[in-house]
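One structure below.
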Amino acid sequence: MNNTKNQDFGDNPTDVRKSDHYQEEYVTGFVDKWDELIDWESRAKGEGNTIINILKERGVKKVLDVATGTGFNSVRLLQAGFEVVSADGNPEMLAKAFENARKYGYLMRTVQADWRWMKQDVHENFDAIICLGNSFTHLFNERDRRKALAEFYALLKHDGVLLLDQRNYDSILDQGYSSKHAHYYCGDSVSVYPEHVDEGLARFRYEFLDNSVYYLNMFPLRKGYTRRLLHEVGFQEIKTLGDFKETYKEDEPDFFLHVAEKE
Ligand code: SAM
């Protein structure tokens, strides 16, 4: 049985290292499963109000969510009273997000836009941009990363802030992968682990309760590297939280959240 027939990684999946490939990876079956993968209630509990508080402390009103996915972050911000524009390069994700937002009573403002050419499709400025859920990892070369960050920078008001998160790839690359890093979401309904890791690729395997299996090929961003790029495109101050905490041992957190200020 080929559970991954809707995804196309060709004959050598670990050779697939392309920024455009996310469009092939978020196929219908996977998009439909995505909300099973990210159980909104438990995710909201784990996250608490950190992101909302960071935005409120800065007096943020208007937010651009550049990696809307199925809408989790956008809907949370709408619930907290922010004005939100929800963008994503993948139309299936946006359709799903719109439908999810409707269930919560919101009419989501969606824009289909690739990060690298965001300004072609988004013609407003924002107090904050969020790029969450380990999304930036989809870009496979430095030129694309610089281009995307420069577009985000330009779409922010002069005192705007970018919130961008990523997995702790340093720990996965340096400590090696061990089963303690296997993540089981929604109880045991989805297992997630990196099947292949090298300096240029982290290939994650997602297995659902119905035995369906999907993959995402991602670039393993090192924390220091992401921070350097943020500085180089012009962000003046960058604070990096580990699992939402200010102090942590480098290899402990699963996720880092970069809070990058324009001034
Ligand atoms: N933020 C959401 C969450 O946390 O639930 C969704 C994150 S999902 C892992 C990553 C999203 O980034 C996908 O919906 C994908 O379509 C989008 N994406 C990846 N590369 C992109 C690009 N170059 N331009 C625009 N969107 C992109």
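What is the residue count in the range 86-111 for residues that are within 26 Å of D144 (Cα to Cα), surrounded by fewer than 21 Cβ atoms within 10 Å (Cβ to Cβ) and in contact with a strand residue (DSSP E or B) (Cβ under 7 Å, 6 or more places away or on another chain)?
The total comes to 3.
Out of all the residues in the range 238-249, is one or more at pLDDT 95 or above and in contact with a helix residue (DSSP H, G or I) (Cβ under 6 Å, 6 or more places away or on another chain)?
yes
I'd like the residue in the range 207-263 that is aromatic (F, W, Y) and assigned to a strand (DSSP E or B) and, out of all such residues, is nearest to R17 (Cα to Cα).
Residues of the range 207-263 that are aromatic (F, W, Y), as a first pass: 208, 214-215, 219, 225, 235, 244, 248, 255-256.
Among the residues that remain, those that are also assigned to a strand (DSSP E or B) are: 208, 214-215, 255-256.
Values: F208: 24, Y214: 16, Y215: 13, F255: 22, F256: 23 Å.
Within the range 207-263, the match that is nearest to R17 (Cα to Cα) is Y215.
In the range 82-102, how many residues are more than 8 Å from the ligand (Cβ to nearest atom), part of a strand (DSSP E or B) and aliphatic (A, V, I, L, M)?
Of the residues in that region, 2 qualify.
May I ask you to verify whether G89 is under 15 Å from A44 (Cα atoms) and of a type outside the set (A, V, I, L, M, F, W, C)? Let's see the steps before the verdict.
On the way: under 15 Å from A44 (Cα atoms): no; of a type outside the set (A, V, I, L, M, F, W, C): yes.
Here the answer is no, as G89 does not meet what is asked.
Take the range 126-168 and flag every residue that is within 25 Å of G59 (Cα to Cα) and of a type in the set (D, E).
Listed by number, the residues that qualify are D127, E151, D159, D165.
Any idea which of (1) over 21 Å from E25 (Cα atoms); (2) without any contact (Cβ under 8 Å) to a residue 60 or more places away in the chain; (3) buried (at least 19 other Cβ atoms within 10 Å of the Cβ) is the one W115 doesn't satisfy?
(1)
Which residue is modelled with the highest pLDDT, if the candidates are limited to the range 158-180 and must be under 17 Å from H196 (Cβ atoms) and assigned to a loop (DSSP other than H, G, I, E, B)?
G176
Within the range 129-153, track down each residue that is outside any loop (DSSP other than H, G, I, E, B), farther than 24 Å from L55 by Cβ and more than 8 Å from the ligand (Cβ to nearest atom). If you could, list the steps in order and put the result at the bottom.
Of the range 129-153, the ones outside any loop (DSSP other than H, G, I, E, B) are 129-131, 136-138, 142-153.
From what is left, the residues that are farther than 24 Å from L55 by Cβ are 142-144, 146-147.
Across the range 129-153, the qualifying residues are E142, R143, R146, K147.
Take the residues in the range 118-132 that are surrounded by fewer than 20 Cβ atoms within 10 Å (Cβ to Cβ) and not acidic (D, E), then tell me which one is nearest to V31 (Cα to Cα).
Step one: of the range 118-132, the residues surrounded by fewer than 20 Cβ atoms within 10 Å (Cβ to Cβ) are 119-125, 127.
Now narrow it down to the ones that are not acidic (D, E): 119-120, 122-123, 125.
Numbers: K119: 26, Q120: 26, V122: 24, H123: 28, N125: 29 Å.
Checked the range 118-132; the qualifying residue nearest to V31 (Cα to Cα) is V122.
Hey, T110 hits all of (1) closer than 25 Å to K239 by Cα; (2) β-branched (V, I, T); (3) not in a helix (DSSP H, G or I) but one; which does it fall short on?
The single condition T110 does not satisfy is (1).
I'm trying to understand the selection: among the residues of the range 103-128, which are under 29 Å from Y169 (Cα atoms) and within 12 Å of the ligand (Cβ to nearest atom)?
Q112, A113, D114, W115, R116, W117, M118
Read through the list (1) assigned to a loop (DSSP other than H, G, I, E, B); (2) surrounded by fewer than 14 Cβ atoms within 10 Å (Cβ to Cβ); (3) not polar (S, T, N, Q), then give the number of the only condition that R17 fails.
The single condition R17 does not satisfy is (2).
The values are calculated or read from the model by the stated rules, or taken from the named source; none is laboratory data. In this text, all values refer to a predicted model and were calculated from it rather than measured experimentally. In this analysis, Cβ positions are derived from the backbone assuming ideal geometry, glycine residues included, and neighbour counts consider all displayed protein chains.
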